Amino acid sequence: MDGLQRIPILKVGRVLIVPIQVDMDDQTVMHLQERILSELERTGARGVLIDISLLEMVDSFIGRVLSDIAAMARIMDARTVVVGMQPAVAITLVELGLELRGVDTVLNVDEGIKLLRCEFDFNEEDEGEFSWGELSAFAEQINRS
Amino acid sequence: MAVALGFRLIDQTRLVTVTSELARNVVKYARRGRMIAQPTRGEDGREGLRLIFEDTGPGIPDINAAMRDGFTTGGGLGKGLPGSKRLMDDFRIESSAEHGTRVTVVRWL
Ligand SMILES: Nc1ncnc2c1ncn2[C@@H]1O[C@H](COP(=O)(O)OP(=O)(O)OP(=O)(O)O)[C@@H](O)[C@H]1O
Ligand SMILES: [Mg+2]
């Protein structure tokens, strides 16, 4: 079975949410990067929120993937935030010597949303279909699951 | 196995990460090889876990260079080997063009 479709990309307002839960092989990663790029293009989303709370480790490969996604998103004028890194993973990452270039890391989805929110500083008209309430509710769902 | 031996979460994470780095190197640079995990006991009696990654690939011509942060011939970050050394208590690497590469690491409980 191929694992290509296993990572969902959810769009809430102007933010793409990518919950990474599976061990990614190279193919899955390439495919995910392409999908994020085309979703950014298609939807004009301004933020990418990558939830890694279910990853038990981040090695140099995944670290590079996260940086690559951030670089790619920046070209599309979107900011990338990584949320939910477990403390043990964070410590290991430092010892490994990885810096997630261009990636902001925050503790949970709510923090991530806050960060993206002040970054864009949406006013009422800008928000359009967007609802922070909707996103927060969704975030809670992710946090609980 | 790391769990069974009683490693705490942070050490489990170190071991999983090192396994991923070194196994990925084997697959990437040597195509195939094997990994051996064995519980071990130090001279002072403390317990630990030893991981061995060996392959019969092309070997590493300049080990000193390969151990440097940022050195890569595979378009990577060059963090796998030096990072693994930092994550483990013991780290040994042997490599030759004839026999391939063997990396042995130990984390003590
Ligand atoms: N098993 C191996 N067989 C042959 N060469 C190896 C092997 N492992 C590592 N090397 C060589 O050592 C270099 C450094 O390895 P290291 O894992 O530190 O970095 P990388 O694999 O290039 O990048 P990263 O692991 O950060 O993605 C590699 O680029 C490769 O040239
Ligand atoms: Mg490597």
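Screening B:D11 with (1) within 14 Å of chain A (Cβ to nearest Cβ); (2) surrounded by fewer than 17 Cβ atoms within 10 Å (Cβ to Cβ); (3) more than 13 Å from the chain's Cα centre (by Cα) gives one miss only, at (2).
Restricting A:T92, A:T28, A:T43 to those that are within 14 Å of another protein chain (Cβ to nearest Cβ) and hydroxyl-bearing (S, T, Y) reduces the list to A:T92. Suppose the filter is within 16 Å of ligand 2 (Cβ to nearest atom) and at pLDDT below 95; does B:R31 pass it? Taking the combined requirement at face value, the residue satisfies it.
Among all residues of the range A:38-54, there is none that is farther than 20 Å from B:I10 by Cα, hydroxyl-bearing (S, T, Y) and buried (at least 16 other Cβ atoms within 10 Å of the Cβ). Here B:L22 does not qualify as in a loop (DSSP other than H, G, I, E, B), within 12 Å of ligand 2 (Cβ to nearest atom), buried (at least 17 other Cβ atoms within 10 Å of the Cβ) and within 14 Å of chain A (Cβ to nearest Cβ).
For the range B:66-86, the set of residues classified as within 18 Å of B:T104 (Cα to Cα) and either in a loop (DSSP other than H, G, I, E, B) or more than 8 Å from ligand 1 (Cβ to nearest atom) (or both) consists of B:M67, B:R68, B:K79, B:K85, B:R86, listed by residue number. Condition (residue is within 14 Å of chain A (Cβ to nearest Cβ) and out of contact with any helix residue (DSSP H, G or I) (no Cβ under 6 Å at 6 or more places or on another chain)) applied to the range B:29-36: is it met by at least one residue? There is at least one residue in the range B:29-36 that is within 14 Å of chain A (Cβ to nearest Cβ) and out of contact with any helix residue (DSSP H, G or I) (no Cβ under 6 Å at 6 or more places or on another chain). Restricting the range B:28-65 to residues that are among the β-branched types (V, I, T) and more than 24 Å from A:V58 (Cα to Cα), the residue that is nearest to ligand 1 (Cβ to nearest atom) is B:I60.
Could we say that A:L115 is away from chain B (no Cβ under 11 Å), surrounded by fewer than 21 Cβ atoms within 10 Å (Cβ to Cβ), within 23 Å of B:V16 (Cα to Cα) and hydrophobic (A, V, I, L, M, F, W, C) here? So A:L115 does not fit the description; no. State which residue is farthest from the other protein chains (Cβ to nearest Cβ) when the search covers only the range B:55-109 and only residues that are within 12 Å of ligand 2 (Cβ to nearest atom) and under 11 Å from the mean Cα position of the chain (by Cα). Among those that are within 12 Å of ligand 2 (Cβ to nearest atom) and under 11 Å from the mean Cα position of the chain (by Cα), it is B:T101.
The values are calculated or read from the model by the stated rules, or taken from the named source; none is laboratory data. Predicted model only: the values in this text are computed from it and were never measured. Cβ sites come from the backbone with ideal geometry, for glycine too, and all protein chains shown count toward neighbours.
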